[in-house]
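A quick write-up on the structure given underneath.
The values are calculated or read from the model by the stated rules, or taken from the named source; none is laboratory data. Only a predicted model underlies this, so the values are computations on that prediction, with no experimental measurement involved. Because the Cβ atoms are built from the backbone with ideal geometry, glycine has one as well, and the counts that use them run over all protein chains shown.
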Amino acid sequence: MTLAGGSRLPLAERLLRLAAAEGASEAEVVVMATDASLTRFANSEIHQNVYETDVVANLRFVAGRRVGVASSGRLDRDGLRALAETAARIARVQPEVDGPVVLPEPGPIPEVAGAWSRATAAATPERRADGVRQGGAEADAAGVLAFGSFSTSTDGLTVANTRGVRAEQVTTQSRLVTICMGPDGEAGYGEALAVDVTSIDPASVGREAAGRAVRSRAPAVLPPGVYPVVLEPYAVVDLLDWIGALGFSALAVEEGRSFYEPGRRIASELVSTWDDARDPAGTPTAFDYEGTGKQRVALIERGSCAGLVYDAATAGRAGRRSTGHGLPAPNTYGPIPTNQFMAPGDAIPGEMLEGIRQGLLVTRFNYTNAVHPKRAIVTGMTRDGTFLVERGEIVGPVRNLRFTQSYLDALAGVEAVGRERRLLAAESGSCVVPRLRIGAWNFTGATEH
Amino acid sequence: MDHVTERALQVATMRGASHADVRTVRRMEERLSVRTGRVAAASRREDEGFGVRVLVDGAWGFASSCRLTTAEAERVAARAVRIARASARVQRRPVALDRQPAQHGRFQTPVAIDPFQVSLETKVGDLLEADAAMRAAADLAFTDSTYRADREWKTFCDSNGTDVEQEITHTGAAVEANAVDGDEHQRRSYPEPEGGMRAGGYENVRGLALATHAGQIAQEAVALLSAPQCPPGRRTIVLDPTQLYLQIHESCGHPAELDRVFGTEASYAGTSFLTTDRLAGGFRYGSELVDIVADATADGGLGTFGWDDEGVPAQSVPLVREGIFVGYLSSRETAPRIGRSSGGAMRADGWNHIPLIRMTNINLLPQPGMSLEEIIQDTDDGLYLVSNRSWSIDDRRLNFQFATEVAYEIRGGTLGRLLKNPTYTGITYEFWRSCDAVADARSYQMLGTPNCGKGEPSQGGHVGHACSGARFRDVQVGVGRW
């Protein structure tokens, strides 16, 4: 068994002892181990197929008001000793920071269900190849080609510090992404994310992508402009990703770069979001990279700012307890939500389009980036299935469009929220999201496909 | 050849690999960050491991491990072969590699001052000094001063007899001033927001003179808070190298990657409008002033090396010559499909990833005639755009949109007032065809990014871009509602 699936605590304890021998007043060890496999396919054949096993130990060494961090993949006796010496040397030459350096105290760590799957941990390259073949068969039947990846991984995380924190967990994850493309440039997308690989149906993902590609043939040209949109869950993930990262980090608020103000109305009353790593409907994890138990944090409650995520540093400065959103030290980026949920609404898929005189159904976005972070203005492209909606009906595909849109304005313009939700991969972690109908979306450019 | 490499090659070959290669990599990275006068991060990371790539029955397999033992070499090589056999179950076209002569030798980045031998006190002191200079010059919300040094030792051996060794060092530093007022947040950075990295040692950091430039960017960040919004319209724009390098990266470098053209990056990064028929047809990519090369031999570039991660020697490959699209970034697998030999552009992020076609140093060559200052003087009415703030481009690399940290108005050949939140957008080939001036060698400089994302699992790439600045006519600026 590799360290991803086994116990890493003895290693962490050994490193804490070495830090103490080097004179640490406090210390924190994070051991991250992974066994990860990914089968990639293009033109309906496997073209890349990879496996890695890796272990890294991260040591945060505190010497009074000085902190040094070192990490290493060399975990034999000499390697660990060198790691402790390096972290100590880095700490000792730092200027003292203002105020004491306080590592988290031990606290309750929630029991989380459904974080690990035997089938995912044991998944073979043959199993992934079979999944690729099933998706490819759907593409063949539709006259398009399949492109994508099918991954399975086991990740072990252990955190231990001199204040008594001892936290250890093993999680698994599997993801299948499929884009189907045809000879005339038509494209469609499908994706599934799960803890348990057996809950992913490759044929279903392939069918979704192939069907969308076929419906995307011969797209019309639509001039840029402001249109109402219905966003599929794949596009809604992008909305939550950016809003979460730009606005709901305690460090972003501290530094004045967030739009967040307690109680500020930023979204339609239909919108409620929260971060909850304990929910088995997502990708559960019990604690963060500082060994603090994960808390459920309400971010937006019926349209208004409701809360922030904290790590130990931002919580200490705010005089409160971390919500369990710390990243590995040294972390200058601050805490971020990594397990966001959006509350479902009551609209069934057909109802989402109702009342749209002329608008767009957007499958997903491509290469989005913040143009003005504090106003959450983001630009990006539509991709892999953009459809014109007229009088509440999908009338055909259109070429992809560029948008430059405040995501805050978009949330404020939410008119309907879908009843069904999907678990999907996000830039940071995962999201559970429904479809959304938004009254106005600012498309600012067009492309040639 | 070390024992791990030797054993891995033996096992892979014995188990049926028609081609096998093994890379061992050890990396050391040092990061320092001073945030608003406080040391926010001081860290060093080391890791090492090896990766085995095999071709079996014309299909690829790859496995890697952080444990450098001969027993692990046997396990990992066997696993790579098993994975390749699984790949072969879903394959339509067997992989064929171009023929390359076996390579032997050693490459080392020229380093004048070893960054890992400079004391931490000195490096932290240099950042604290620059950070203090920013905060002394203006009332800022927060500052960020960063330093980074990466060193990679790697060996590459393959079943064809290649055995090469490289030691590559990249070092950089940057300062960033942030001013906030209400919902307005403005940032200025120096030398550019990607961290100022170059190939070489601490001499790069000394050459930047961070503290000398810190005051000006701090004052500009504050001035931008009350500057007028960049108005929409079609304008002449002059791109400073601190923006032009990313325009080259996104709209020339990525679409010239031949794996994208063949669809093998479609599921993540996308494809390319530079299809092979456009190579054969002499597609006009830009104006006659546009000469772009992929040069892995350029001094100081983040894409400079001795051999790529398939053991192909570093070379300079023309991509665009006098505006005509003439070449791709390519590999041993992709180049033969267009009747060429590998251009030596396969690069992997560490021991645990396969090599992918990556940019080397994608350079827009300077043109004799006008300096960058003279181009501005030659511009009656336009905008001078400096330092990238955001970027986005479609999945075929056609429709792009960039924002820069600042725009300076140009009136009658003179730089005028600042404008905030500038953006510009266009279609790649229309934009490059509108280029009517490229600055001469006086402002030609090597820039680059250490954060180029590609592949699944995601890999970060260090790529270089040398350029001197250029002018473009009739470009849409001021995008969106502000």
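Within the stretch A:71-102, being closer than 28 Å to B:Asp131 by Cβ, among the aliphatic types (A, V, I, L, M) and buried (at least 21 other Cβ atoms within 10 Å of the Cβ) holds for A:Ala87, A:Ala88, A:Ile90, A:Ala91. A single entry from A:Gly316, A:Gly291 fulfils the requirement of being of a type outside the set (Phe, Trp, Tyr), closer than 24 Å to A:Glu28 by Cβ and at pLDDT below 95: A:Gly316. Residues that are among the hydroxyl-bearing types (Ser, Thr, Tyr) and more than 30 Å from B:Val39 (Cβ to Cβ): does the stretch A:303-323 have at least one? Within the stretch A:303-323 (the criterion being among the hydroxyl-bearing types (Ser, Thr, Tyr) and more than 30 Å from B:Val39 (Cβ to Cβ)), the answer is yes, since at least one residue qualifies. Only a single criterion out of (1) in contact with a Gly (Cβ under 9 Å, 6 or more places away or on another chain); (2) part of a helix (DSSP H, G or I) is not satisfied by B:Gln166, namely (2). Of note, A:Tyr227 satisfies the criterion of being part of a strand (DSSP E or B), of a type in the set (Phe, Trp, Tyr) and surrounded by 20 or more Cβ atoms within 10 Å (Cβ to Cβ). B:Leu372 fails exactly one of the following numbered conditions: (1) under 16 Å from the mean Cα position of the chain (by Cα); (2) away from chain A (no Cβ under 14 Å). What is the number of that condition? The single condition B:Leu372 does not satisfy is (1). Looking at (1) at pLDDT below 95; (2) within 14 Å of chain B (Cβ to nearest Cβ), which is the one condition that is false for A:Thr178? Among (1) at pLDDT below 95; (2) within 14 Å of chain B (Cβ to nearest Cβ), the lone unmet condition for A:Thr178 is (1). Taking the stretch B:83-101 as the range and being touching a Lys or Arg at 6+ places or on another chain (Cβ under 8 Å), within 9 Å of another protein chain (Cβ to nearest Cβ) and either surrounded by fewer than 17 Cβ atoms within 10 Å (Cβ to Cβ) or not in a helix (DSSP H, G or I) (or both) as the test, the residues that pass are B:Arg89, B:Val90. For A:Gly136, state whether it is within 30 Å of the chain's Cα centre (by Cα), assigned to a helix (DSSP H, G or I) and either under 27 Å from B:Trp351 (Cβ atoms) or assigned by TED's automatic domain parsing to the domain that holds A:Ala33 (or both). For A:Gly136, the condition - within 30 Å of the chain's Cα centre (by Cα), assigned to a helix (DSSP H, G or I) and either under 27 Å from B:Trp351 (Cβ atoms) or assigned by TED's automatic domain parsing to the domain that holds A:Ala33 (or both) - is met. So, in the stretch A:182-200, of the ones that are out of contact with any helix residue (DSSP H, G or I) (no Cβ under 6 Å at 6 or more places or on another chain) and among the hydrophobic types (A, V, I, L, M, F, W, C), which residue ends up farthest from A:Thr447 (Cα to Cα)? Checked the stretch A:182-200; the qualifying residue farthest from A:Thr447 (Cα to Cα) is A:Val195.
Which of the residues spanning the stretch B:431-448 are part of a strand (DSSP E or B) and either touching a Leu at 6+ places or on another chain (Cβ under 6 Å) or within 14 Å of chain A (Cβ to nearest Cβ) (or both)? Working first, answer last.
Start the filter on the stretch B:431-448 by keeping residues that are part of a strand (DSSP E or B), which leaves B:435-438, B:445-448.
Across the stretch B:431-448, the qualifying residues are B:Cys435, B:Val438, B:Gly448.
Can you give me the number of residues within the stretch A:272-296 that are of a type in the set (A, V, I, L, M, F, W, C), in a loop (DSSP other than H, G, I, E, B) and either surrounded by fewer than 23 Cβ atoms within 10 Å (Cβ to Cβ) or touching a Cys at 6+ places or on another chain (Cβ under 9 Å) (or both)?
Applying the first criterion (of a type in the set (A, V, I, L, M, F, W, C)) to the stretch A:272-296 yields A:274, A:277, A:281, A:286-287.
Remaining after also requiring in a loop (DSSP other than H, G, I, E, B): A:277, A:281, A:286.
Those still in the list that are either surrounded by fewer than 23 Cβ atoms within 10 Å (Cβ to Cβ) or touching a Cys at 6+ places or on another chain (Cβ under 9 Å) (or both) too: A:281, A:286.
Residues in the stretch A:272-296 being of a type in the set (A, V, I, L, M, F, W, C), in a loop (DSSP other than H, G, I, E, B) and either surrounded by fewer than 23 Cβ atoms within 10 Å (Cβ to Cβ) or touching a Cys at 6+ places or on another chain (Cβ under 9 Å) (or both): 2 in total.
Matching residues to (1) within 14 Å of another protein chain (Cβ to nearest Cβ); (2) in contact with a Ser or Thr (Cβ under 9 Å, 6 or more places away or on another chain); (3) more than 23 Å from B:Met346 (Cα to Cα); (4) in a loop (DSSP other than H, G, I, E, B):
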| position | (1), (2), (3), (4) |
| --- | --- |
| B:Pro231 | no, no, yes, yes |
| B:Ser251 | yes, yes, no, no |
| B:His254 | yes, yes, no, no |
| B:Gly282 | no, no, yes, yes |
| B:Ser287 | no, yes, yes, yes |
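Checking A:Arg207, A:Arg217 one by one, the residue that is part of a loop (DSSP other than H, G, I, E, B) and in contact with an Asp or Glu (Cβ under 7 Å, 6 or more places away or on another chain) is A:Arg217 and no other.
Exactly one residue out of B:Thr24, B:Thr70 is buried (at least 20 other Cβ atoms within 10 Å of the Cβ), away from chain A (no Cβ under 11 Å) and of a type in the set (S, T, N, Q), and it is B:Thr24.
List the strands (runs of 3 or more DSSP E) inside the stretch A:344-449, counting only whole elements, that have at least 1 residues being away from every other protein chain (no Cβ under 14 Å), modelled with pLDDT of 95 or more and within 27 Å of A:Cys180 (Cβ to Cβ). Steps first, please.
Working: elements: A:358-372, A:377-390, A:393-397, A:401-406, A:414-425, A:430-446.
It comes to A:358-372, A:377-390, A:393-397, A:414-425, A:430-446.
In the stretch B:376-398 there is at least one residue matching the filter, namely being β-branched (Val, Ile, Thr), at pLDDT 95 or above and either assigned to a strand (DSSP E or B) or closer than 19 Å to B:Gly455 by Cα (or both).
The residues listed here are A:Val102, A:Val170; of these, the one that is in a strand (DSSP E or B) and in the same structural domain as A:Val55 (by TED's automatic domain parsing) is A:Val170.
Residue-by-condition table, conditions (1) away from chain A (no Cβ under 14 Å); (2) part of a loop (DSSP other than H, G, I, E, B):
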residue	(1), (2)
B:Ala403	no, no
B:Gly416	yes, no
B:Tyr429	no, no
B:Gln476	no, no
B:Trp482	no, yes
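A search for C-beta distances below 6 Å between a residue of the stretch A:255-267 that is away from every other protein chain (no Cβ under 12 Å) and buried (at least 16 other Cβ atoms within 10 Å of the Cβ) and any residue that is assigned to a loop (DSSP other than H, G, I, E, B) and not hydroxyl-bearing (Ser, Thr, Tyr), counting only pairs 6+ apart in sequence or on different chains, returns A:Ala267/A:Gly303. Tell me yes or no: at least one residue of the stretch A:37-59 is more than 8 Å from every other protein chain (Cβ to nearest Cβ), touching a residue at least 40 places away in the same chain (Cβ under 8 Å) and aliphatic (A, V, I, L, M). Yes, the stretch A:37-59 has at least one match.
Once the stretch B:102-134 is narrowed to residues that are within 14 Å of another protein chain (Cβ to nearest Cβ) and part of a loop (DSSP other than H, G, I, E, B), the residue that is farthest from B:Ser330 (Cα to Cα) is B:Ser119.
Just checking, does the stretch B:142-152 include any residue being hydrophobic (A, V, I, L, M, F, W, C), more than 26 Å from the chain's Cα centre (by Cα) and not assigned by TED's automatic domain parsing to the domain that holds B:Ser330? Yes, the stretch B:142-152 contains at least one residue that is hydrophobic (A, V, I, L, M, F, W, C), more than 26 Å from the chain's Cα centre (by Cα) and not assigned by TED's automatic domain parsing to the domain that holds B:Ser330.
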